[in-house]
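Chemist: Could you have a look at this structure, given as structure tokens, before my questions?
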Amino acid sequence: MNNAALDLASVMLEITRAKFCNNFHDIKKVKIFWHNLTLLYFATAICKQLSASSHNCSLNTLTKMNLIPNDLLSFEKQNKSLICDYKFFRCVPDDNINLALMREDLLGIDLYISQNYMSLKQGKVARDTTGSYYTPCSLAKAVVSKAFKNAECLDHLKNEKSAIRIADFSCGGGEFFNAAQECLFEERGIPYSVSATFFWGIDVDPIVMLITVGNLLSQADYDDWNTISSHFHLGNPLVSTAVEQDLRVKHDMFALGRVYAPAMGINFNKKEFFTPFDIVLGNPPWEKIRFEERKFFSSYSPEISDLAKKDERENAISNLRYSWIELFNWFEETVTDYATMCSRTFKHPLIVQSVFGELNTYALFTELSYRLLSDSGICSLIVKSTLVTTPSQKTLWSYLLKNKVIFSVSIFENRKKIFQIDSRERFAIIILSNKESEGFLFCAGLQSTEELYECPEIKLTENDILRINPFSGMLPNTSSTENIQILLKSHS
């Protein structure tokens, strides 16, 4: 655990306890206050970094660019005495600390809140809710490099601002944008100040998106600040809406973990989505869209979370109407959000083929990314390997395969802990292109980023896959490229 993140969380804990006088029954107000305090910290840190690197930047500057809600300044004024008493701003760094990593560490600290007590605990409830497992820089660069080698839109790229459109619909801390800027500079001589205008992003976490935009602003010309900030949208791209809510509503929804609320929706009829993207990159969340009661209550009512039998849990939850109505109402609202995100009721203008059975975020993001590609565009995503191996994903996989848009599939095993998750987990880098191909490149058994550059690949066609798996039409679970070759030979 990063000491800076823990120090910050500890100071925020004392401020929150003092603010509510150890009475936390109105739990939604507590959660929103905690979020605003966190936002104030990171917004202040970004202002310091931008002021040091270029023009003066204040909270008012960020407000005018629609990067923070208008009322954050009044929030600071209203709580000024508390903030000063607990020396909150002493935690704000003066140097160029990696704010994205600090945010990641902070998401690893969960709040335990009862009606009259509040404390910190190490956990991953907040991280799981948003799918916030960030991509190692080396892997992001490998993914970007592989995509760029096959991106036709880069062939005639010049040093012109906004010359190409590069998107990440779960942009997180901007790891893929950083890698893209590095590759564009090293391979094509595009200055960082120019490439900073190439990027578009969406994320459910307003703080991490603010950090990403702040990083781009620090590299860009001041005249481009408004253009760059307008390329980024707070919300959940898997939730479609005709009318977007304002920034404050979306911040409150995020603070309450309601990332699938209708209020978090993105309007894909906006003019910026009319023009397709040249390159789409990313590592979208690998979650099943399901509400988990026990996880929800683990930080607020662990006695309910500990009940293994569903009927006993339902009774205990029902009793909250009398013992803690605010928690019960929040629970009901969150359940309703998830109820609308099932295959029976799910509606999205750009997502159709991946809407079957239990919805998986990585499949939905893959289809969304492909739908928003230009005719010569290319998409490179890190997804769970089950996208290409599990029959539950057959509809989407078959659609991509039959339309000949799969450029390559590289399957990794997490034995060397590329991601700090289960070492048995498998994931894949899938590259899609609108340039039709009779087959796609394939390799498996990769365990490190370096292997992506040097692994031998074989070419597979739809007929090859149907020869091996005629019933499912999916790629087999295999630990090496050679195993596929053996299967092909034996089936022939």
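Chemist: Using 1/(1 + (r/R0)^6) with R0 = 22 angstrom and r between the beta carbons of Glu358 and Ser398, what's the FRET efficiency to the nearest 0.05?
Modeler: Plugging the Cβ-Cβ distance into 1/(1 + (r/R0)^6) gives 0.75.
Chemist: Determine the per residue accessible area of the chain with all protein chains present and a 1.4 angstrom probe, expressed in square angstrom.
Modeler: Averaged over the residues of the chain, the accessible area is 43 Å².
Chemist: Still on this model: For labels at Phe471 and Thr336 in the simple 7 Å Cα→Cβ model, what's the distance in nm?
Modeler: Label-label distance for Phe471 and Thr336, simple model: 4.4 nm.
Chemist: Further, regarding this structure: Relative to the present Cα-Cα distance, how much length would full extension add between Glu457 and Arg90 at 0.36 nm per residue of separation?
Modeler: So the chain would gain 126.8 nm between Glu457 and Arg90.
Chemist: Moving to a separate point now. Helix-only estimate, please: 222 nm mean residue ellipticity of the chain, summing -39500 (n - 2.57) across DSSP H runs of length 4 or more and dividing by its residues, to the nearest 500.
Modeler: -13000 deg cm²/dmol
Chemist: What part of the accessible area of the chain, given as a whole %, is carbon or sulfur when the probe is 1.4 angstrom?
Modeler: 48
Chemist: Would you mind calculating the gained length between Lys158 and Thr227 on full extension (0.36 nm times residue separation, minus the Cα-Cα distance), in nm to one decimal?
Modeler: 22.9 nm
Chemist: Okay, next question. So what's segment 132-254 giving for Rg/Rh, alpha carbon basis, Kirkwood Rh from the mean inverse pair distance?
Modeler: Checking Rg against Rh, the ratio lands at 0.98.
Chemist: Rounded to the nearest 5, what % of the DSSP beta bridges within the chain are antiparallel ones?
Modeler: Once the DSSP bridges in the chain are tallied, antiparallel ones form about 55 percent.
Chemist: Over all alpha-carbon pairs of segment 1-129, lay out the pair-distance distribution in 5 Å bins, whole %, shortest bin first.
Modeler: Here the calculated profile for segment 1-129 is 2, 10, 20, 22, 22, 16, 7, 2, 1, 0.
Chemist: Report which label in (1) 85, 71, 45; (2) 66, 62, 51; (3) 74, 59, 42 holds the value of Cα extents along the principal axes in Å derived from the coordinates of this structure.
Modeler: The calculated read-out lines up with (3).
Chemist: Here's another thing I want to ask about it. Once you put a point 7 Å from the Cα of Ile421 and another 7 Å from the Cα of Leu487, both along the Cβ direction, what distance in nm separates them?
Modeler: Label at Ile421, label at Leu487, 2.2 nm between them.
The values are calculated or read from the model by the stated rules, or taken from the named source; none is laboratory data. From a predicted model like this one, the values you see are computed outputs, not experimental measurements. All Cβ positions, even for glycine, are placed from backbone atoms using ideal geometry, and neighbour counts span all protein chains on display. When the accessible area is computed, the model is the full protein with side chains, heavy atoms only, and any ligands, DNA or RNA have been set aside. Shrake-Rupley method; radii C 1.70, N 1.55, O 1.52, S 1.80 Å.
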